[in-house]
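Student: I'd like to ask some things about the structure below.
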Amino acid sequence: MNNQKINVKKLIWQLVLLTLLIASVFGCGQTVAEAPKNINVGVVVYDQNDTFLSEMLAKFKDDLKAKTPEGVTFTCTVRDAANAQQTEDNAVSELLDGGCNVLCINLVDRTAPSDIIQLAKEANVPVIFFNREPVEEDLMRWDRLYYIGADAKQSGVYQGELAAEFCAAHEGVDRNRDGKIQYVVLEGQPGHQDAILRTDNAVNTMLDQGVSLDKLGYRIANWNRAQATNQVSQLIDQFGSAIELILANNDEMALGAIAAYDQKNITATDYPVFFGIDGTTPGLEAVVNGSMAGTVYNDQKGQADAMAALTIRLALGQDLSDFGLINGKYIYKDYYKITRQNVKNFTS
Ligand code: GAL
Ligand code: CA
């Protein structure tokens, strides 16, 4: 009997203590500051040696740091897929195991995002694809998939406009005075949305603007400077000084083409004019020193900024309704034409 009384008393006291404890934790209805959150971003890039993407990711990290709210910690792990989709899929798996809460993925093969989507969905971790756009059907497979990039067609049109304007202003581009511009195109990776669209639109825009063109050749150099040097060396061997204009799908390949002429000690008056796309640091330098006639700015700053802002919102579970996503999924940043006249606006 006595023992029972003691047990009831003990129980009452325990209940009182528990009530006090709950009241202190929840501040009697007041909201208490939430525990600091963590933004853990996992990034995988198709090839860490890609100049445009390295520059973009350096900006992304700076932006993440600058935009992360006070009291929130962040970590950003970047992995290299070394041009293999399987390596990229494995990296995603490891990043998810490591507790990342947002993935930023630059696909090796833009037609093969299935495994990554499946893994992310199982872990309920949102994915921002960037630079290499998955087909719409894939992006529609889950509502937490996004894409940040640019409209490749626009960059091709702008490159064609730059080249047409340059030819109109400089009769000397047509060195053999046959009324046609003998040209060569250096293309990025086959299957990449930027490669085919840039080539087609640059060439068609020049034709639309009344430039007579004579195609000497197309070469694939996979966005890569050394491959472009190699390809253009062969073209010089084949065509001698006949090439009057080189359109490259990106700055790195334009720079590789220039290097091929430099290596062969070609007389300055026998150089073609070169156009790139990207506006990377070495690309802008080439416009400043006049070795490249123009380029098109692929807005790495804007893309990095948007990716950092979206990453933070997703990691903190914030609302996206005012973020300006097209169809709730897409962000496309505009390109800009760059010539020697306005290059200073992009170099700082
Ligand atoms: C393009 C860019 C290239 C290369 C490629 C990689 O947008 O112009 O330089 O970075 O993406 O996917
Ligand atoms: Ca000519």
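Student: Does any residue in the range 231-254 that is hydrophobic (A, V, I, L, M, F, W, C) come within less than 6 Å, Cβ to Cβ, of a residue that is within 16 Å of ligand 1 (Cβ to nearest atom) and in a helix (DSSP H, G or I) six or more places away or on a different chain, and which pairs are these?
Tutor: Partner pairs satisfying both residue conditions: V232/A257; I246/A257; L247/A202; A248/A254; M253/A228.
Student: Can you spot a residue in the range 191-200 that is modelled with pLDDT of 95 or more, surrounded by fewer than 20 Cβ atoms within 10 Å (Cβ to Cβ), within 16 Å of ligand 1 (Cβ to nearest atom) and of a type in the set (D, E)?
Tutor: Among the residues of the range 191-200, at least one is modelled with pLDDT of 95 or more, surrounded by fewer than 20 Cβ atoms within 10 Å (Cβ to Cβ), within 16 Å of ligand 1 (Cβ to nearest atom) and of a type in the set (D, E), which makes the answer yes.
Student: Which members of the range 267-312 meet the condition of being touching an Asp or Glu at 6+ places or on another chain (Cβ under 6 Å) and on the phi > 0 side of the Ramachandran plot?
Tutor: Once the filter is applied, which keeps residues that are touching an Asp or Glu at 6+ places or on another chain (Cβ under 6 Å) and on the phi > 0 side of the Ramachandran plot, the range 267-312 yields only D278.
Student: Got at least one residue in the range 125-137 being among the aliphatic types (A, V, I, L, M), within 28 Å of I220 (Cβ to Cβ), crowded, with 16+ Cβ neighbours inside 10 Å and away from ligand 2 (no atom under 14 Å from the Cβ)?
Tutor: Filtering the range 125-137 down to residues among the aliphatic types (A, V, I, L, M) leaves 125, 127-128, 135.
Then drop every residue that is not within 28 Å of I220 (Cβ to Cβ), which leaves 135.
Retained after the next criterion (residues that are crowded, with 16+ Cβ neighbours inside 10 Å): none.
Checking the range 125-137: not a single residue is among the aliphatic types (A, V, I, L, M), within 28 Å of I220 (Cβ to Cβ), crowded, with 16+ Cβ neighbours inside 10 Å and away from ligand 2 (no atom under 14 Å from the Cβ).
Student: Further, regarding this structure: Evaluate the following for I338: is it among the hydrophobic types (A, V, I, L, M, F, W, C) and within 15 Å of ligand 1 (Cβ to nearest atom)?
Tutor: yes
Student: Let me ask another. For the range 313-348, what are the residues that are under 30 Å from G290 (Cβ atoms) and either touching an Asp or Glu at 6+ places or on another chain (Cβ under 9 Å) or among the aliphatic types (A, V, I, L, M) (or both)?
Tutor: K333, D334, Y335, Y336, K337, I338, T339, V343, T347
Student: Looking at this structure, is Q227 surrounded by 18 or more Cβ atoms within 10 Å (Cβ to Cβ), in contact with a strand residue (DSSP E or B) (Cβ under 9 Å, 6 or more places away or on another chain) and modelled with pLDDT of 95 or more?
Tutor: no
Student: Check off (1) within 16 Å of ligand 1 (Cβ to nearest atom); (2) farther than 21 Å from E133 by Cβ; (3) in contact with an Asp or Glu (Cβ under 8 Å, 6 or more places away or on another chain) for Q209 and give me the number that stays unchecked.
Tutor: (1)
Student: With respect to the numbered conditions (1) within 14 Å of ligand 1 (Cβ to nearest atom); (2) touching a residue at least 60 places away in the same chain (Cβ under 8 Å); (3) closer than 27 Å to L314 by Cα, which one is the sole condition not fulfilled by G188?
Tutor: (3)
Student: Are any of the residues in the range 174-187 within 16 Å of ligand 2 (Cβ to nearest atom), among the polar types (S, T, N, Q) and in contact with a Phe, Trp or Tyr (Cβ under 8 Å, 6 or more places away or on another chain)?
Tutor: yes
Student: Taking the condition among the β-branched types (V, I, T), surrounded by 15 or more Cβ atoms within 10 Å (Cβ to Cβ) and closer than 18 Å to M56 by Cα, does I116 pass?
Tutor: It is false that I116 is among the β-branched types (V, I, T), surrounded by 15 or more Cβ atoms within 10 Å (Cβ to Cβ) and closer than 18 Å to M56 by Cα.
Student: If V211 passes every condition in (1) under 21 Å from S291 (Cβ atoms); (2) within 16 Å of ligand 2 (Cβ to nearest atom); (3) aliphatic (A, V, I, L, M); (4) crowded, with 21+ Cβ neighbours inside 10 Å but one, which one does it miss?
Tutor: (1)
Student: Still on this structure, please answer the following. Sort through L310, L314, L235 and tell me the only one that's within 15 Å of the chain's Cα centre (by Cα) and either closer than 17 Å to L162 by Cα or assigned to a helix (DSSP H, G or I) (or both). Even if it seems obvious, please write down each step before you answer.
Tutor: Details: L314 fails: within 15 Å of the chain's Cα centre (by Cα); L235 fails: within 15 Å of the chain's Cα centre (by Cα).
Just one listed residue meets the conditions, L310.
Student: When residues of the range 161-185 are filtered for being part of a helix (DSSP H, G or I) and within 16 Å of ligand 1 (Cβ to nearest atom), how many remain?
Tutor: As a first pass, look at the range 161-185 and keep what is part of a helix (DSSP H, G or I): 161-169, 171-173.
Then keep just the ones that are within 16 Å of ligand 1 (Cβ to nearest atom); that gives 162.
Here the count works out to 1.
Student: If you don't mind, there's one more thing I want to ask. Quick check on the range 82-109: of everything there that is under 20 Å from Q300 (Cα atoms) and either within 16 Å of ligand 1 (Cβ to nearest atom) or aromatic (F, W, Y) (or both), which residue is nearest to the chain's Cα centre (by Cα)?
Tutor: Checked the range 82-109; the qualifying residue nearest to the chain's Cα centre (by Cα) is N106.
Student: From the list Y146, Y158, exactly one residue is crowded, with 16+ Cβ neighbours inside 10 Å, modelled with pLDDT of 95 or more, closer than 23 Å to V296 by Cα and not charged (D, E, K, R). Which is it?
Tutor: Just one listed residue meets the conditions, Y158.
Student: Look through G256, G240 and report the one residue that is in a helix (DSSP H, G or I) and modelled with pLDDT under 95.
Tutor: After ruling out the rest, the residue left standing is G240.
Student: Within the range 318-348, how many residues are more than 15 Å from A286 (Cα to Cα), of a type outside the set (G, A, S) and part of a loop (DSSP other than H, G, I, E, B)?
Tutor: 9
Student: Only one of these is more than 16 Å from the chain's Cα centre (by Cα) and closer than 27 Å to G188 by Cα: N327, N298, N289. Name it.
Tutor: Criteria check complete, one pass: N289.
The values are calculated or read from the model by the stated rules, or taken from the named source; none is laboratory data. Here the structure is a predicted model, which is why all the values come from computation and not from measurement. No Cβ is skipped: glycine too gets one built from the backbone with ideal geometry, and neighbour counts run over all protein chains shown.
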